[in-house]
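Undergrad: Submitted below is the structure of interest, expressed as structure tokens.
The values are calculated or read from the model by the stated rules, or taken from the named source; none is laboratory data. Model, not experiment: these values are computed from the prediction. Note: ideal-geometry Cβ built from the backbone for every residue, glycine included; neighbour counts use all protein chains shown. All accessible areas refer to the heavy atoms of the entire protein, side chains included, with ligands and DNA or RNA removed. Shrake-Rupley method; radii C 1.70, N 1.55, O 1.52, S 1.80 Å.
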Amino acid sequence: MQACLFAAAVAALLAISAHSSAQDHAQRLILKDGSYQLVTKYEVIGERVRYFSAERDEWEELPKSLVDWPATEKNEAEQHEQDRAAAESAVKLEKQIENENAAAAKLPEVAPGLRLPSDSGVFLLDNFKSQPQLIEVAEAEGDISQGSKGNIFRGALAKQAVELPGDHAKVQSHVDLPSFYLNLELPPAAAAPQQNPQSPEAVVPFDRFRIIRTQPKPGKRVLANVTRNVSGKVSQEQHFEKTTITRLNGGWLKLTPAASLAPGEYAVVEMVDKEGMNLYVWDFGINPNAPANANPWKPEAKEAPPAKKPNDQGR
């Protein structure tokens with residue numbers, strides 16, 4: 001009974017769709033009194049016009065003398081032009097979608113069904129409850145204690161500390177060997193690898209991005225301590241983690257710790273030069289027991305294969 005009702009509903013929907021489609025492609029047979037008939041086709045037979053009504057789905061007739069032929073022909077020409085423009089737009093849209101799909105297919109796949117986006121940013125590849133997830137890491141601005149902001153190695157006071165507010169970063173990695181994917185504007189020195197430049201995964205020669213372990217402080221996390229002696233010599237104390245960085249397709253860089261990271265708070269930092277650190281960093285933590293991160297990018301769900309029909313002989 002339900003199958004019959006479903007079939008009837010589908011048939012009704014198809015009929016409605018066909019009727020609507022017929023009206024969408026109908027043309028106007030304009031009459032001299034200003035009214036018109038929506039028709040899918042018509043023919044002139046002697047002094048009468050025979051047409052198929054798009055509204056009533058049947059053949060009808062009217063006197064030829066009642067039709068405003070110049071207005072009908074003008075309307076028909078305008079409709080043909082609209083149909084042509086719509087067809088060209090559809091072709092362009094289809095080509096654009098094909099190009100976008102092709103470009104997306106070239107982006108690095110960091111896990112089965114999980115690719116990096118086409119835009120820029122910094123992403124953490126996490127694994128939460130056995131599911132790989134991409135988490136976008138927002139920039140955080142470090143603050144310099146006892147000094148003005150800027151390059152911390154120029155015009156520094158006797159002692160300074162670069163700090164981040166809060167005890168914990170918003171983004172927490174549930175794995176102790178996370179991978180970071182960065183797509184940012186590179187300086188000319190790092191634009192092209194020196195070794196095997198044609199390889200999409202060539203090692204980036206300039207150590208531009210590094211991982212720092214922050215030191216806890218009540219309500220803050222210390223990225224670096226900087227001192228300057230009387231002679232003006234600057235020394236720094238930072239806890240860098242050993243990392244490897246490789247170049248991927250689509251302008252992406254992959255930054256990975258060389259060894260597992262202990263639970264705690266960290267940050268990906270950008271070295272402006274060999275001695276200067278950008279105050280804008282990407283902070284994160286290592287905590288396998290942390291709750292789920294907000295707004296994760298998850299692998300695309302694959303469609304389940306169609307169920308096999310039972311063998312007639314096995315019924």
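Undergrad: What's the FRET efficiency of R50 with E78 using the Cβ-Cβ distance as r and R₀ = 30 Å, to the nearest 0.05?
TA: Numbers: r = 24 Å, r/R0 = 0.79.
Calculated value: 0.80.
Undergrad: Need the C-alpha centroid separation for the stretch 166-180 versus the stretch 23-93, integer Å.
TA: 66 Å
Undergrad: Rank these by accessible area, largest first, 1.4 Å probe: F52, F209. Don't skip to the end; give the middle numbers.
TA: Numbers: F52 50, F209 0 Å².
So the residues, ranked largest to smallest area, are F52, F209.
Undergrad: Mind putting together the pair-distance distribution for the stretch 34-77? All Cα pairs, 10 Å bins, whole percent per bin, short to long.
TA: 27, 61, 12
Undergrad: Report the label-to-label distance for S130 and I97 in nanometres (one decimal), using points 7 Å from each Cα along the Cα→Cβ vector.
TA: Going by the 7 Å Cα→Cβ label model, 3.6 nm.
Undergrad: Which net charge results when you count Lys and Arg as +1 and Asp and Glu as -1 among the other residues whose beta-carbon is under 13 Å from that of S260? Intermediate values should be presented prior to the final figure.
TA: On the way: positive: R213, K242; negative: D176, E241.
Its environment carries a net charge of 0.
Undergrad: Would you work out if the stretch 237-288 is rounded, prolate or oblate? Take a ≥ b ≥ c from the square roots of the eigenvalues of the alpha-carbon gyration tensor; rounded if a/c is under 1.5, else prolate when a/b is larger than b/c, oblate otherwise.
TA: On the way: a/c = 1.69, a/b = 1.11, b/c = 1.53.
Here the stretch 237-288 falls in the oblate category.
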